[in-house]
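Q: Take a look at the following structure, please.
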Amino acid sequence: MKTLRTGPRFAVYRSVHAILNAAHPALFPKKGRRRPALKEGVLHDILAAHRGAATATEIRIFLRMWTRSTSYLETVSRGGCRYSLDMAPDGPVADSHAAEAAQKIRIRRAKSSAGKVDNKVCR
């Protein structure tokens, strides 16, 4: 069974992230930085700006993984602005999007804490 980091989709993610990070480092930061909320419809802007650098499918795979990450969901759950490729504010995060992101984070944390075993009890 392949894991996320060794699978073919993650290889696509890494290659597209390298392209987008080189062109838009504030919008697509490296690991450990806060991920700003992307404007709705950013896929079309990326396709227009980086035609030929990556296919539409590769960019979709990247955006799917990027926007489902916990760090991105945390940013969206806080609300605030969405940003376009040139880091210009492009409207606020909708309350429904912030609530949905917060709910996804709560579900992930609940699953994570439910799967932990208390070693003190097992001894």
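The values are calculated or read from the model by the stated rules, or taken from the named source; none is laboratory data. Since the structure is predicted, the reported quantities are computational estimates derived from the model, not experimental observations. As a convention, Cβ positions derive from the backbone with ideal geometry for all residues, glycine included, and neighbour counts pool all protein chains shown. In case anyone asks, the SASA skips ligands and DNA or RNA and just uses the protein heavy atoms, side chains included. Shrake-Rupley method; radii C 1.70, N 1.55, O 1.52, S 1.80 Å.
Q: Considering the range 66-119 alone, what residues qualify as being within 22 Å of LEU27 (Cβ to Cβ) and either in contact with a Cys (Cβ under 9 Å, 6 or more places away or on another chain) or basic (Lys, Arg) (or both)?
A: Within the range 66-119, ARG68, ARG78, ARG82, PRO89, ASP90, GLY91, PRO92, VAL93, LYS104 qualify.
Q: Now, a different point. Does ARG5 meet the test of being closer than 15 Å to SER71 by Cβ, charged (D, E, K, R), open to solvent by 30 Å² or more (accessible area, probe 1.4 Å) and not in a helix (DSSP H, G or I)? Even if it seems obvious, please write down each step before you answer.
A: Details: closer than 15 Å to SER71 by Cβ: no; charged (D, E, K, R): yes; open to solvent by 30 Å² or more (accessible area, probe 1.4 Å): yes; not in a helix (DSSP H, G or I): yes.
No; evaluated as a whole, the condition is false for this residue.
Q: Which is in contact with a strand residue (DSSP E or B) (Cβ under 6 Å, 6 or more places away or on another chain) and not β-branched (Val, Ile, Thr), of ARG64, ARG60, ARG82? Can you show your working first?
A: Numbers: ARG64 fails: in contact with a strand residue (DSSP E or B) (Cβ under 6 Å, 6 or more places away or on another chain); ARG60 fails: in contact with a strand residue (DSSP E or B) (Cβ under 6 Å, 6 or more places away or on another chain).
Residue meeting the stated conditions: ARG82.
Q: Now, a different point. Scan the range 25-45 for residues that are more than 26 Å from ALA102 (Cβ to Cβ) and in contact with a Leu (Cβ under 9 Å, 6 or more places away or on another chain) and jot them down.
A: Step one: filter the range 25-45 for residues more than 26 Å from ALA102 (Cβ to Cβ), giving 25, 44-45.
Listed by number, the list holds a single entry, ASP45.
Q: Restricted to the range 36-81, and to residues that are in a strand (DSSP E or B) and open to solvent by 30 Å² or more (accessible area, probe 1.4 Å), which residue is modelled with the lowest pLDDT? Spell out how you get there, then give the answer.
A: Residues of the range 36-81 that are in a strand (DSSP E or B), as a first pass: 37-38, 51, 54, 81.
Cutting the leftovers down to open to solvent by 30 Å² or more (accessible area, probe 1.4 Å) gives us 51, 81.
Details: ARG51: 89, CYS81: 96.
So, considering only residues that are in a strand (DSSP E or B) and open to solvent by 30 Å² or more (accessible area, probe 1.4 Å), the one modelled with the lowest pLDDT is ARG51.
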